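One structure is given below, encoded as structure tokens.
The values are calculated or read from the model by the stated rules, or taken from the named source; none is laboratory data. The structure displayed is predicted, hence computed values, not measured ones. Glycine also receives a Cβ, built like all others from the backbone with ideal geometry; neighbour counts cover every protein chain displayed.
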Amino acid sequence: MLYDYRQESKTPMLLTLANGKTIEGEFIDLRIDTNTLPKGKLWYHIRHTDDDWTEPASLKNGCVVVNFCGTFICDPIDNFPCGQELEIADWSYLE
């Protein structure tokens, strides 16, 4: 099932990826219907660790089936092709 971005609770989040990029966006612990995203924003999926479903492990430009943690919505990430997945080195909620 896909959910409407406009109707879901969002948590501001900061990710630092293994490639050194730091990205600010919004976290929603659901799969979001891309047709409901604000213009200019993209979605990425966060995969959790095998041992802890609340610990983000990687960010994927595409759909995560196994170990889905949530959806990260932000401005497009440069040099991050569809299908690529990057380890999350550090993360925090901004609230």
For this session: Would you point out which residue out of 49, 71 is over 18 Å from residue 1 (Cβ atoms) and polar (S, T, N, Q)?
Result: 49
Exercise. Out of the residues in the range 4-13 that are in contact with a Ser or Thr (Cβ under 8 Å, 6 or more places away or on another chain) and surrounded by 14 or more Cβ atoms within 10 Å (Cβ to Cβ), which is nearest to residue 33 (Cα to Cα)?
Worked result: 5
Problem set entry | Tally of residues being assigned to a loop (DSSP other than H, G, I, E, B) and within 17 Å of residue 19 (Cα to Cα) across the range 57-81 | 7
Exercise. Which of the residues that make up the range 2-52 are touching a residue at least 24 places away in the same chain (Cβ under 8 Å) and on the phi > 0 side of the Ramachandran plot?
Worked result: 40
Exercise. Scanning for something assigned to a loop (DSSP other than H, G, I, E, B), of a type outside the set (Phe, Trp, Tyr) and touching an Asp or Glu at 6+ places or on another chain (Cβ under 9 Å), does the range 82-90 turn up at least one residue?
Worked result: no
Seminar exercise, completed: Within the range 35-49, restricting to residues that are over 13 Å from the mean Cα position of the chain (by Cα) and of a type in the set (Val, Ile, Thr), the one that is modelled with the lowest pLDDT is 49
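Conditions (1) more than 10 Å from the chain's Cα centre (by Cα); (2) charged (D, E, K, R); (3) at pLDDT below 95, marked per residue:
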residue: 54; (1), (2), (3): yes, no, yes
residue: 61; (1), (2), (3): no, no, no
residue: 75; (1), (2), (3): yes, yes, no
residue: 84; (1), (2), (3): yes, no, no
For this session: Can you confirm whether the range 29-43 contains a residue that is assigned to a strand (DSSP E or B) and out of contact with any Asp or Glu (no Cβ under 9 Å at 6 or more places or on another chain)?
Result: yes
